[in-house]
1. If 500, 545 are ordered by their accessible area, calculated over protein heavy atoms with a 1.4 Å probe, which sequence runs from highest to lowest?
2. How charged is the neighbourhood of residue 180? Take every other residue with its Cβ under 11 Å from the Cβ of residue 180, and add Lys/Arg as +1 and Asp/Glu as -1.
3. Of all DSSP beta bridges located in the range 437-578, what percent are antiparallel, nearest 5?
4. Stokes-Einstein D for the range 164-203 at 4 °C, 1.567 mPa s, Kirkwood Rh over Cα pairs, in µm²/s?
5. On full extension of the chain, what length is gained from residue 42 through residue 658, given 0.36 nm per residue of separation minus the C-alpha to C-alpha distance?
6. Quickly estimate the mean residue ellipticity at 222 nm for the chain, helices only: each DSSP H run with n ≥ 4 gives -39500 (n - 2.57), and the total goes over all residues, rounded to 500.
7. With just the Cα atoms defining each centre, how far is the range 64-117 from the range 404-432? Give it in Å.
8. Arranged from highest to lowest average of other beta-carbon atoms within 10 Å per residue, in what order do the peptides 624-634, 604-614 appear?
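The values are calculated or read from the model by the stated rules, or taken from the named source; none is laboratory data. Everything quoted here is computed from the prediction, not taken from an experiment. All Cβ positions, even for glycine, are placed from backbone atoms using ideal geometry, and neighbour counts span all protein chains on display. What goes into the accessible areas is simple: the full protein's heavy atoms, side chains included, and nothing from ligands, DNA or RNA. Shrake-Rupley method; radii C 1.70, N 1.55, O 1.52, S 1.80 Å.
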Amino acid sequence: MKRTPLNFPLLLIVLGFIFGIIFQDNFLISINYSILLSFISVFLVYFSFFILKKYTKITTFTFSFFLGILLYSIHYEPNIKNNYTQILSQNKEYTLQGIIEDVKNNNLSIKLQFADNYKVTGKISLHIKDSISVNEIGKSILFKTKLTSISSVKNPYQFDYQKYMQRKYIYWQGHTDEYKVQNKTSFSLIIWAKRLQNYLATSLDNYAFSNESRGIIKALVLGVRSDIDSETYQEYIDAGAVHILAISGLHIGIITILITKIVNLFLPKRRKIIKIAIVFSILLTYAFIAGLSASVLRAVIMFGAYSIAELLGNKRARYDSLIFSIFVLLLFKPNFLFDVGFQLSYTAVLSILLFLPLYNRYFIYKNLIFNTISDIIKVSIAAQIGIIPLSLFYFHQFAGLFLVTNIIILPFLGIILGIGIFVVILANFQVLPLWLVKVYDFLIFSMNYVIENISSYKTMIISDVYFDKMMLFISFFFIGSLLFYLYLRKIKYLYLMLISVIFFQIYLIFDKYKEQKISQIIVFNQYKQTLLVKQDNGKITFYHSDSLKLPNSYIKNFCHNKSIKNIDYQCLNNILSVKDKNILIIDEVIYIDDSIKADYVLLCNSPKINLEKFIEKKSIKVLVVDGSNFPTMVKKWQKTAEKYNIPFHYTQEKGAFIIQ
C-alpha cells in the first residue's frame, strides 16, 4: 500500500476538533455538559487503547470532538462570571470605562474595564457622533451609553452581522455623544503593534507618492487598506489578485522563502536551531510591524511551523507541522475556524503541498525561465483547486484570468515587497530619498496598470454564481477522492469521484425544481423604505417604494441564493396575491375597494388611516408593519391590533414577513 503524505492520527484529531467547534457554535451546550462529555471521552480513550485495544480511531475522534466543544465553551465569553453580559442590563444607562482596541471611522471596539465603578470584562462596539484618529488606539475612554445586543438577521440570506461580531467576541453595542478619551495608554503588545503600524503608515504621507500608489503601499507592506479607493480594490478582485492587498499567507510565504534561502547561504547545515530562531524572529518582527492582526499571526505560525520542517529536512513533517499549527491556533482561539481568511490560507497551502508533488512528476524543465513560469502556473493551479469552492461559496465569483495575473505579478512580487519594507523603514527615519520614491511609485503604478488591464476583460470574470453549503461539501468530497486516487491508485476512489459528480448534478436539478415550485411573498425589513419580493413559477419580482434607493445588497444576496435569472422590478401595487392569499398594501395614498379580500395588510410610509374602522370592515389574519413607518405610529397600531386580537408583525423587531 502506498504511503499518504499525511499523518492520519494527527489529521483525525484535528478533524474531530474542528467538528466539535462547529457543533458547539451551532448548538451551544452548557459548559458543565461540555466538561462532563470531555471526561467521559477520556475514559473511552483509556478503555479502547489499554483494555479493549480496538476502536482506537473512533474513540480518538470522539475525544477530539468533545475537546473542541469544551474549548469553544471555555472561550465563549458570556460564560465568564464577570463578563458584562452577566452583570449589566440592556437598555439601561451606564457610565463605562474601557480601552480603545480598534478604530474604524466613528465605530470603536472597546475592551471594558468598569461599569459604574464595578469591574467588568468583555468587548463592545461603540458608535460615536464623530470619528477619532487611529492614534487613539490603546487609550482609555470614559462614556455614557445604553447597551443593546447586536441586531439579529432580519431578512432572508442577509449577512449575519450579529454572528460575525460574536465570533470577534463582541456581543453588545452602544451609541454615545458623551465621551472623553484620556491620555493614559494601556500596555498591550497588540495595541502597541497597531500604533506602530499606524505610525509607519502615516510616515508615508510625508512623501510624494501618488494617492493610488500610497494606498497600495500601505496595504501591501503594512496591511492598512483604508486608503485604497473602492474602484482600485474591485480591479484587484476582478483580476484575481486581491490576496496581494491583504497581508497573510502569500506575503509571509515570500518572506519565509527569502529568509530561509539567505540563512542557508550564510550558515552551515548543522546550525539548524540558529536558523529556526532567525527565521522566527524576523517573521515575528514583521508581524509586529503589520499590527499583529489575526491574519498575520496565523500566517506566521503556519509558515513558521512549515519552515521548521523545511530546515529540519523532513518532507513528511511539512504536512504534520501545518496540521499541527491549525490545532494550536484553534486551541487558543476556536473562532479562527470561521474566519474566511483562515479557511482560504490553509486550504490554499494544503492544496499546494498535496498537488504540487503530483505536478512535479511530469512538468520539470531544465531551462530556468521555463521552469520559473512552470512553477508559478503549477502553484497557482494547485492553490486554486483548493480555494475555488470556498471562493464561489463566499464571493460567488471566480477570476478567469488569475493565471495571467500570477504569471505577470508573482515573479516580481518578492522584489516589490522587499523594496516596500525598505521604503517604509527609510520613511520612518525620514531619510527616504526622492529618487527611490519615484522608482517605487513607478513600480506600484506599473502593477496597478497591469491589474487594471487584466480586470478590464469582464467576459473572463465569472460572477453571480449560485453555490451553497451542499455544493461546497460535494466539491471538497470530490477533491478529497481525487487526492486519494492520485496517491493510492485505487479504483474505489475513482468511483467516489464519479458518484460525487453525479450527486452534484442531481442536487442542482432537484434544487432548481424545488425553487420552481416555491410561491411566496416576502416583506423585507428595510429602514425608511418598502421592499417586497414575489417568487412564483421560477420568476422573481421586486416591488419597491423608491427605485433610486434600492437595497442592492439584499436583492443580490437573495438572487444568489435562489439561483433564478428571471428577475423583474416594479413599483408598489396596492395588492399582491400568491396561492389565493392576498396582501393589501396601504401607503400614503390609498383607495380601498371593499370587495377585495385582504388576508394580510401591510402598512408602509406612515399612512393616515383610521385603523379601527378599517379592521371592522376587513377580516384580516395578520397586520404587517415595515421599517418605513414612524415609530410612534407603529406603537399606536400595535395597541389597536392587540385590542382586536389581530397578530401584529413589525419587521424591525421580528424580521421579514413571509407569506407562502
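1. Values: 500 5, 545 55 Å².
Result, largest first: 545, 500.
2. Details: positive: 139, 144; negative: 178.
Around residue 180, the surrounding residues sum to +1.
3. Values: 10 of 15 bridges.
Rounded to the nearest five, the antiparallel share is 65 percent.
4. Values: Rh = 13.2 Å.
D, rounded to a whole number, is 98 µm²/s.
5. Values: separation 616, 0.36 × 616 = 221.76 nm, distance 4.71 nm.
So the chain would gain 217.1 nm between residue 42 and residue 658.
6. On the way: 22 runs with 350 residues, N = 660.
Result for the chain, helices only: -17500 deg cm²/dmol.
7. 39
8. Working: 624-634: 18.5, 604-614: 15.3.
The most tightly packed comes first, giving 624-634, 604-614.
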